[in-house]
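These notes concern the structure reproduced below.
The values are calculated or read from the model by the stated rules, or taken from the named source; none is laboratory data. It should be emphasised that the depicted structure is a prediction, and the values quoted were computed from it without experimental measurement. Cβ atoms come from the backbone with ideal geometry, glycine included; neighbour counts cover every protein chain shown. Accessible surface areas use protein heavy atoms only, side chains included; no ligands, DNA or RNA. Shrake-Rupley method; radii C 1.70, N 1.55, O 1.52, S 1.80 Å.
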Amino acid sequence: MDELIKYGPDLALGFLENVKLSIVGAIAALLLGTILVAMRVSPTPVLRAAGTVYVNVVRNTPLTLVLAFSALGLSDQLGLVFSETPTTNSFWIVAMGLSLYTAAFVCEALRAGVNTVPMGQAEAARAIGLTFMQSLTMIILPQAFRAVIAPLGSVMIAMIKNTTVATAGGFLLDSAAVMKITFDTTGASIPIFLGIVVAFMALTMPIGFFTGWLARRLAVVR
Amino acid sequence: MSTSVLFDAPGPRGRIRNHTLTVVSVIAVAAVLYGIYRGFDAKGQFEGKIWQPFLQWETWDFYIIPGLIGTLRAAAVAAVLALAFGAIFGLARLSDHKWIRVPAGVVVEVFRAIPLLLLIFFIFYLAPMIAGGGDYAFMAVVLGLMLYNGSVLAEVVRAGVHAVPKGQSEAAYAVGMRKNQVMRLVLLPQGVTAMMPAIVSQLVVLLKDTALGYIIAYVDLLNTGFKILPARFFGSLIPAAIVIGVIYLALNMALSYLATWLEKRSRRSRKTAARPVAAPGSAEVGVGAGQGTEGGGLAPDKPLE
């Protein structure tokens, strides 16, 4: 217990970095995922194919590889630099890799949501003369989002847990990295481990409950 | 919902617009690809020199294949253990005895909620304290994967058994079977068929997650590709990344394909009354959602009458 108190502040700062990564990742992944799903249902075969290839490639690549490649390959070798400060740079590198990875899962969830919208609605939208973009943004996507709130919640929970892999992208300030450094000096400490676990559960469990509640509330009754 | 219903069969103007869009998007995709190519080329990543090692058998023999074996070994051992863990805890959660059901539920929920990397770190540092010095990277990866994926599989098992229509167990009790017989002879054989696709999808996740071993320096494919190869053949990081990326993709896509095939097959199967259980974390919404191109709240396997 003493160890948890002693290293608590460092660990809390590390955890705060996980929270920041989660927020940036969630926003970027939702935006990118929506664009991807629009690509995948669009009338242009090339965009459809590009979206499908992207989603299948990214979903089958380990996140560790994505992050290590972003840091060692894109940043170190090819000079993709977001900031001169190394820690800020690696934060954004990780945020980029994480959102590119999560976007593929968001796209899959949304596409399942698009499948729940009855055919008749799209037909009706077409019949009153809406264009593809209009029927997508006014009829299909709003209902698709409401149908997949709970699965999107699971995607977000998985992403929050994935922020711990930031170490692979060279970001050494997050709670997993801090825990590793602490363990290097004290050896494995059960209180510290439990402390971080409780912190993560405190973050993910409300999201699970909230999205579950929201999904029931906003469910489109058919 | 079929995607084609989102837009009309195009008229003359629509066709021109679609062709323009196609050209524009081809150019956009090509521009992105060319941009990546230029970036790599500017740094000399396509020089024959740094690709040379990958054409030699020794590179594969000494580095890549041992790395691949490391990955597959961890994945295979973890998969067997996770399946056993999942079966035991999944069935324990279905127990009629509260003192078995509740602890099993707690174990499953807790290990599902812990970020896997933290679990692996913890085991990695805990093992030397308990068992003395040694290299515990393999053990940490395998145990971490077992606890996490085993917990997810336990939920799959539970869902698989629940997926068997209730009337079947009632009928089985009515003909005088014991609880053990009902589970063993009626529920599990049908449940397992329904679970297969979800189990295989979870094994894809497990195989992908072995790459976490990279962080604690377990010698897997990612490690040989990103640490050992570039150190041995200076400057060959990007080629190495591309080569091992393709290997990972091939492995996972083969497994994903197997999962889809199994799901299609069990959907057609007459051997089970249970509908396939959704893969954990997959976007299952409503009845029969996201499974066909038709959608609209009708289970695809239900015949239209």
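Restricting attention to the range A:18-37, which residues are surrounded by fewer than 22 Cβ atoms within 10 Å (Cβ to Cβ) and either modelled with pLDDT under 90 or under 26 Å from B:Ala250 (Cβ atoms) (or both)? Reasoning before the result, please.
Within the range A:18-37, the first condition is being surrounded by fewer than 22 Cβ atoms within 10 Å (Cβ to Cβ), and the residues that meet it are A:19-20, A:23-24, A:26-28, A:30-32, A:34-35.
Passing the criteria: only A:Leu32.
Could you check the range B:109-198 for helices (runs of 4 or more DSSP H) lying wholly inside it with 2 or more residues that are touching a residue at least 60 places away in the same chain (Cβ under 8 Å)?
Numbers: elements: B:116-131, B:137-163, B:166-174.
In the range B:109-198, the matching helices (runs of 4 or more DSSP H) lie at B:116-131, B:137-163.
Do we have A:Ile139 as under 17 Å from A:Pro206 (Cα atoms), touching a helix residue (DSSP H, G or I) at 6+ places or on another chain (Cβ under 6 Å) and open to solvent by 20 Å² or more (accessible area, probe 1.4 Å) here? Don't jump to the end; show me each part of the working.
Numbers: under 17 Å from A:Pro206 (Cα atoms): no; touching a helix residue (DSSP H, G or I) at 6+ places or on another chain (Cβ under 6 Å): yes; open to solvent by 20 Å² or more (accessible area, probe 1.4 Å): yes.
So A:Ile139 does not fit the description; no.
Exactly one condition in (1) open to solvent by 20 Å² or more (accessible area, probe 1.4 Å); (2) closer than 30 Å to A:Ala199 by Cβ is false for A:Val57; which is it?
That leaves (2) as the condition not met.
Conditions tested, residue by residue: (1) open to solvent by 60 Å² or more (accessible area, probe 1.4 Å); (2) more than 15 Å from B:Asn149 (Cα to Cα).
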| residue | (1), (2) |
| --- | --- |
| B:Gln56 | yes, yes |
| B:Val77 | no, no |
| B:Pro115 | no, no |
| B:Phe124 | no, yes |
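Out of all the residues in the range B:131-138, is one or more open to solvent by 20 Å² or more (accessible area, probe 1.4 Å), within 12 Å of chain A (Cβ to nearest Cβ) and closer than 15 Å to B:Leu206 by Cβ?
no
Looking at the range B:86-103, which of its residues are of a type in the set (A, V, I, L, M, F, W, C), part of a helix (DSSP H, G or I) and surrounded by fewer than 21 Cβ atoms within 10 Å (Cβ to Cβ)?
B:Ala87, B:Ile88, B:Leu91, B:Ala92, B:Trp99, B:Ile100, B:Val102
Any chance you could count how many residues in the range A:36-66 are more than 7 Å from chain B (Cβ to nearest Cβ), assigned to a helix (DSSP H, G or I) and in contact (Cβ under 8 Å) with a residue 60 or more places away in the chain?
5
Answer yes if at least one residue in the range B:25-46 is in a loop (DSSP other than H, G, I, E, B), open to solvent by 90 Å² or more (accessible area, probe 1.4 Å), at negative phi and within 14 Å of chain A (Cβ to nearest Cβ), and no otherwise. Step through it out loud before you land on a result.
Residues of the range B:25-46 in a loop (DSSP other than H, G, I, E, B): B:43-46.
Right, trim to open to solvent by 90 Å² or more (accessible area, probe 1.4 Å) and you get B:43.
Then keep just the ones that are at negative phi; that gives B:43.
Now drop any that are not within 14 Å of chain A (Cβ to nearest Cβ), which leaves B:43.
Yes: one or more hits.
Can you tell me which residue is farthest from the other protein chains (Cβ to nearest Cβ) among those in the range B:212-222 that are within 14 Å of B:Ala140 (Cβ to Cβ) and surrounded by 24 or more Cβ atoms within 10 Å (Cβ to Cβ)? Walk me through it before giving the result.
Filtering the range B:212-222 down to residues within 14 Å of B:Ala140 (Cβ to Cβ) leaves B:212-220.
Filter once more, so that each one left must be surrounded by 24 or more Cβ atoms within 10 Å (Cβ to Cβ): B:212-215, B:218, B:220.
On the way: B:Leu212: 6, B:Gly213: 8, B:Tyr214: 5, B:Ile215: 6, B:Tyr218: 11, B:Asp220: 10 Å.
Out of the qualifying residues, it is B:Tyr218.
Identify all residues within the range A:125-136 that are open to solvent by less than 60 Å² (accessible area, probe 1.4 Å) and facing another protein chain (nearest Cβ under 9 Å); write none if there are none.
Within the range A:125-136, the subset open to solvent by less than 60 Å² (accessible area, probe 1.4 Å) is A:125, A:129-130, A:132, A:135-136.
Hits for the range A:125-136 are A:Ala125, A:Phe132, A:Ser135, A:Leu136.
How many residues are more than 8 Å from chain A (Cβ to nearest Cβ), open to solvent by less than 10 Å² (accessible area, probe 1.4 Å) and in a helix (DSSP H, G or I) when one looks only at the range B:224-238?
3
Could we say that B:Ala74 is farther than 20 Å from B:Ser236 by Cα, in contact with a helix residue (DSSP H, G or I) (Cβ under 6 Å, 6 or more places away or on another chain), within 14 Å of chain A (Cβ to nearest Cβ) and part of a helix (DSSP H, G or I) here? Quick ask: steps written out before the conclusion?
Values: farther than 20 Å from B:Ser236 by Cα: yes; in contact with a helix residue (DSSP H, G or I) (Cβ under 6 Å, 6 or more places away or on another chain): yes; within 14 Å of chain A (Cβ to nearest Cβ): yes; part of a helix (DSSP H, G or I): yes.
Yes, satisfied.
When you scan the range A:79-124, how many residues do you find that are assigned to a helix (DSSP H, G or I) and surrounded by fewer than 16 Cβ atoms within 10 Å (Cβ to Cβ)?
Narrowing the range A:79-124 to residues assigned to a helix (DSSP H, G or I): A:86-114, A:119-124.
Retained after the next criterion (residues that are surrounded by fewer than 16 Cβ atoms within 10 Å (Cβ to Cβ)): A:86-88, A:119-120, A:123-124.
Qualifying residue count, the range A:79-124: 7.
How about the range B:240-262: which of its residues are open to solvent by 20 Å² or more (accessible area, probe 1.4 Å), more than 9 Å from chain A (Cβ to nearest Cβ) and more than 26 Å from B:Pro230 (Cβ to Cβ)?
Scanning the range B:240-262 gives B:Ala254, B:Tyr257, B:Leu258, B:Thr260, B:Trp261, B:Leu262.
Here are B:Val141, B:Val175, B:Val152, B:Val164: which of them is more than 20 Å from B:Phe85 (Cβ to Cβ) and either within 14 Å of another protein chain (Cβ to nearest Cβ) or surrounded by fewer than 19 Cβ atoms within 10 Å (Cβ to Cβ) (or both)?
On the way: B:Val141 fails: more than 20 Å from B:Phe85 (Cβ to Cβ); B:Val152 fails: more than 20 Å from B:Phe85 (Cβ to Cβ); B:Val164 fails: either within 14 Å of another protein chain (Cβ to nearest Cβ) or surrounded by fewer than 19 Cβ atoms within 10 Å (Cβ to Cβ) (or both).
Answer to the check: B:Val175.
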